[in-house]
Amino acid sequence: MKTYRKTTLSVIVIATLFLAMVPVLPLSKPYFFYMMFWITMASAFNIIYGFVGYLPFGYVMFYGVGTYVTAVLWSRLGVPLPLAILCSGAAGLVLSLAFAPTLRLKGIYFAIVNFASAMVLRIVVANLPEAWAGGSFGISLSGAYKPLASYYLMLALTVASVVVGLWLSHSRLGIALRCIRDDEAAAAVMGINVSMSRLKAWMLAAVIPSLAGGIEAWFTAIVDPDTSFNLMSTAKTIVYAMFGGLGTITGPIFGAVFMYGLDDFIWGRFPLLNLLVLGVTIIFLILFLPRGVVGSLIQRWPGLRKIIE
Amino acid sequence: MAIIEAENLTVSYYGDIDILKDVSFEAEEGRITTIIGPNGAGKSTLLKTLYGLLIPKTGTIRFRGKSITGLKVHRFIHTGIAYVPQLRSIFPDLTVRENLELGTWIFKKDRKRVDRAIDEVCERFPILGEKRKTRAGLLSGGQQKILEIGRSLLTRPSVCLLDEPTATLAPRIAEQIYRTMVDLKSEKITVVMVDQRVRQAFDVSDHLYILELGRNKASGTRHEFEGSLKEMIKGWLT
Ligand SMILES: Nc1ncnc2c1ncn2[C@@H]1O[C@H](COP(=O)(O)OP(=O)(O)OP(=O)(O)O)[C@@H](O)[C@H]1O
Ligand SMILES: [Mg+2]
């Protein structure tokens, strides 16, 4: 096993143990739940933006659909929660397939179409029959409130998405994606199936936030269209992932932990300032750290690639 | 017998601006066929169309008698057709060795087959073995071209489409590439190339096609062109 593999795996194990202990320590469960949530979102987003180079501005829709599928299945049909959450994942897959044709669009066109789709979806969900989707008030899941179980489920998903990212970066699919990102035509000439590789990454990047949405709906026990389809969630995902460094595995994790911590700190003290911080961070990132913290470190000292990835 | 042939191709990049107009082409098995023509004549467009990068509006392309019109680009390498585009197609951030490994993509995880193919190509082009750990972007232009040609031979194709393999290269390296073409021919590999060095290309070719303004202007064997070539190309060579 290579050095970086060992380092990464031991860090994952230690972090997992710590996160598993949080509920029995005098620490805030919601704080760490959301930290894991953002690590998951940023890592999954990294698959489609970092590896494939597609920027889905409406990324929140996968999460949003995930929250609603779980909430509706549990509250209206009595589906047990773990099963309902799996259905959220399936719904994310279906949604990604429905949007698969948009992968033919390039650059900003893809981003805009995706953005618009998320807004449309939000309006559709908010206007579904109230008996089903709860209208603009949303759905309460308080009868199923089990913060501990949902906390551990989120931990499992977070670990899974980090491991998927690690696997991806060394798999044939990951190699194919990087080639396609660098030179699509050359990749195709080599025999790489460009559209199939992209589709696989897109599906992976969709199923994870949908599962996360289902779990988060269970944890908070409330779902409403404004929160589920809040465009700020996409913005945060992008900024957290970029801050750490796209295309690396540790980058989105570091970015999510650091930026979420900062965001939470500021929000707690100066509620109006957190938007400002997000905006300033974006400007700072684009001007000074386009590769993010981890990405810039690796660029500065390429030898670091041996211990972090 | 024609191994790859195209009939009445009409091709455009977008809309109704046809870049190729009713172009026909065929390459005989085990021969070197060269396409020449002035800049913008549509030579690269023809190769791209033969390789599925552009879908013709009308016309058909056949390989060993079977239609391959509309075949997806990534399938071509499986059929035994290789293509080296005019513009750089190496991955500059990867090493020479990694670039070669990508050329064996369709061998999947068959390490033995991958290593054997790469060893073979490094025997043909020793420079690729010497520079295997060098980042491909740091190679000279000629070495990059050799890497591209070498990479395209890894899967032992029966047809090689080469778009201006000698353009921008020093005469000595161009010479080496022409020698490679002749070697390939002696190994029964069909070579289709686009070339601007009309004189040298003429000397190694069996058949020639001349394109002008997106149409067939003339075609024939080298012998048929002996003497008349100068007349043909006068005016569009600078
Ligand atoms: N990607 C493209 N999009 C639109 N038009 C293109 C594209 N590539 C080439 N063309 C046009 O098609 C015509 C033929 O181009 P092509 O590249 O086939 O010429 P060529 O014979 O290979 O020329 P050269 O000797 O300069 O390589 C030109 O008029 C060119 O402007
Ligand atoms: Mg050309």
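The values are calculated or read from the model by the stated rules, or taken from the named source; none is laboratory data. Remember, it's a predicted structure, so these values are computed and weren't measured experimentally. A quick note on method: Cβ atoms are made from the backbone with ideal geometry, for glycine too, and the neighbour counts reach across all protein chains shown. The protein model used for the area step is the full one, side chains on, heavy atoms only, and it has no ligands, DNA or RNA in it. Shrake-Rupley method; radii C 1.70, N 1.55, O 1.52, S 1.80 Å.
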Inset, instruction - Determine which member of the set A:Leu93, A:Leu128, A:Leu121, A:Leu97 is open to solvent by 20 Å² or more (accessible area, probe 1.4 Å), closer than 24 Å to A:Thr234 by Cβ, not polar (S, T, N, Q) and not in a helix (DSSP H, G or I). - result: A:Leu128
Legend entry - Cβ pairs under 7 Å, 6+ apart, first in the range B:186-207 and among the small types (Gly, Ala, Ser), second away from ligand 1 (no atom under 16 Å from the Cβ): B:Ser205/B:Ile32; B:Ser205/B:Arg222
Legend entry - Every residue from the range B:12-36 that is farther than 15 Å from B:Leu162 by Cα and either within 9 Å of ligand 1 (Cβ to nearest atom) or assigned to a helix (DSSP H, G or I) (or both): B:Ser12, B:Tyr13, B:Tyr14, B:Ile17, B:Ile19, B:Leu20
Legend entry - B:Gly70, sole failed condition from (1) more than 16 Å from ligand 2 (Cβ to nearest atom); (2) within 18 Å of the chain's Cα centre (by Cα): (2)
Legend entry - Residues that are farther than 17 Å from A:Ala44 by Cβ, in a helix (DSSP H, G or I) and more than 10 Å from chain B (Cβ to nearest Cβ), drawn from the range A:146-180: A:Pro147, A:Leu148, A:Ala149, A:Ser150, A:Tyr151, A:Tyr152, A:His170, A:Ile180
Inset, instruction - Quick one: count up the residues across the range B:166-223 that are away from ligand 2 (no atom under 15 Å from the Cβ), assigned to a strand (DSSP E or B) and either within 16 Å of the chain's Cα centre (by Cα) or surrounded by 21 or more Cβ atoms within 10 Å (Cβ to Cβ) (or both). - result: 4
Inset, instruction - For the range B:112-133, state whether one or more residues are over 17 Å from the mean Cα position of the chain (by Cα), more than 14 Å from every other protein chain (Cβ to nearest Cβ) and among the small types (Gly, Ala, Ser). - result: yes
Legend entry - Given (1) facing another protein chain (nearest Cβ under 8 Å); (2) out of contact with any Pro (no Cβ under 9 Å at 6 or more places or on another chain); (3) on the phi < 0 side of the Ramachandran plot; (4) not polar (S, T, N, Q), index of the condition B:Lys108 fails: (3)
Inset, instruction - Inspect all residues belonging to the range B:226-233 and state whether any of them is farther than 20 Å from B:Phe25 by Cα and either within 16 Å of ligand 1 (Cβ to nearest atom) or touching a residue at least 12 places away in the same chain (Cβ under 8 Å) (or both). - result: no
Legend entry - Lone qualifier among B:Leu71, B:Leu87 - being surrounded by fewer than 17 Cβ atoms within 10 Å (Cβ to Cβ) and assigned to a loop (DSSP other than H, G, I, E, B): B:Leu87
Inset, instruction - Go through the range B:80-95 and give me each residue that's in contact (Cβ under 8 Å) with a residue 24 or more places away in the chain and within 16 Å of ligand 2 (Cβ to nearest atom). - result: B:Tyr83, B:Val84, B:Pro85, B:Gln86, B:Arg88, B:Ser89
Inset, instruction - For the range B:113-123, state whether one or more residues are closer than 27 Å to B:Gly52 by Cβ, touching a strand residue (DSSP E or B) at 6+ places or on another chain (Cβ under 7 Å) and modelled with pLDDT of 95 or more. - result: no
Inset, instruction - With the checklist (1) within 14 Å of chain B (Cβ to nearest Cβ); (2) farther than 23 Å from A:Thr8 by Cα in hand, flag the one item A:Val207 doesn't pass. - result: (1)
Legend entry - Candidates B:Ser152, B:Ser140 - the one that is surrounded by 16 or more Cβ atoms within 10 Å (Cβ to Cβ) and not charged (D, E, K, R): B:Ser152
Legend entry - Pick from the range B:26-38, criterion within 16 Å of ligand 2 (Cβ to nearest atom) and over 14 Å from the mean Cα position of the chain (by Cα), ranking: least open to solvent (accessible area, probe 1.4 Å): B:Gly37
Inset, instruction - Looking for whichever is touching a residue at least 12 places away in the same chain (Cβ under 8 Å), open to solvent by 10 Å² or more (accessible area, probe 1.4 Å) and more than 26 Å from A:Gly143 (Cα to Cα) here; the options are A:Tyr34, A:Tyr54, A:Tyr68, A:Tyr59. Which one fits? - result: A:Tyr54
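So which helices (runs of 4 or more DSSP H) stay within the range A:184-259 end to end and still have 1 or more residues that are touching a residue at least 40 places away in the same chain (Cβ under 8 Å), under 16 Å from A:Val162 (Cβ atoms) and open to solvent by less than 10 Å² (accessible area, probe 1.4 Å)?
Working: elements: A:184-189, A:194-220, A:225-228, A:231-244.
Fully inside the range A:184-259 and qualifying: A:194-220, A:231-244.
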Legend entry - Selection within the range B:139-178 - within 12 Å of another protein chain (Cβ to nearest Cβ), hydrophobic (A, V, I, L, M, F, W, C) and within 16 Å of ligand 1 (Cβ to nearest atom): B:Leu161
Legend entry - Single match in A:Ala118, A:Ala44 (criterion: touching a residue at least 24 places away in the same chain (Cβ under 8 Å) and within 30 Å of A:Ala15 (Cα to Cα)): A:Ala44
Legend entry - Qualifying residue in the range A:81-101 (condition: of a type in the set (Val, Ile, Thr) and either farther than 16 Å from A:Met203 by Cβ or in contact with a His (Cβ under 9 Å, 6 or more places away or on another chain) (or both)): yes
Inset, instruction - Return only the number of the condition from (1) open to solvent by 50 Å² or more (accessible area, probe 1.4 Å); (2) away from chain A (no Cβ under 11 Å); (3) within 16 Å of ligand 2 (Cβ to nearest atom) that B:Asp16 does not satisfy. - result: (3)
Inset, instruction - Tell me, yes or no, whether the range B:39-51 has at least one residue that is out of contact with any Asp or Glu (no Cβ under 8 Å at 6 or more places or on another chain), more than 14 Å from every other protein chain (Cβ to nearest Cβ), closer than 22 Å to B:Leu153 by Cα and open to solvent by 20 Å² or more (accessible area, probe 1.4 Å). - result: no
Inset, instruction - Just need a number here: residues in the range A:100-147 that are among the basic types (Lys, Arg) and under 18 Å from A:Gly214 (Cα atoms). - result: 2
Legend entry - Among the residues listed as B:Leu94, B:Leu46, B:Leu71, the single one being among the hydrophobic types (A, V, I, L, M, F, W, C), within 21 Å of A:Ala188 (Cβ to Cβ) and within 16 Å of ligand 1 (Cβ to nearest atom): B:Leu46
Inset, instruction - All but one of (1) within 17 Å of A:Pro209 (Cα to Cα); (2) assigned to a helix (DSSP H, G or I) hold for A:Tyr54, so report the exception by its number. - result: (2)
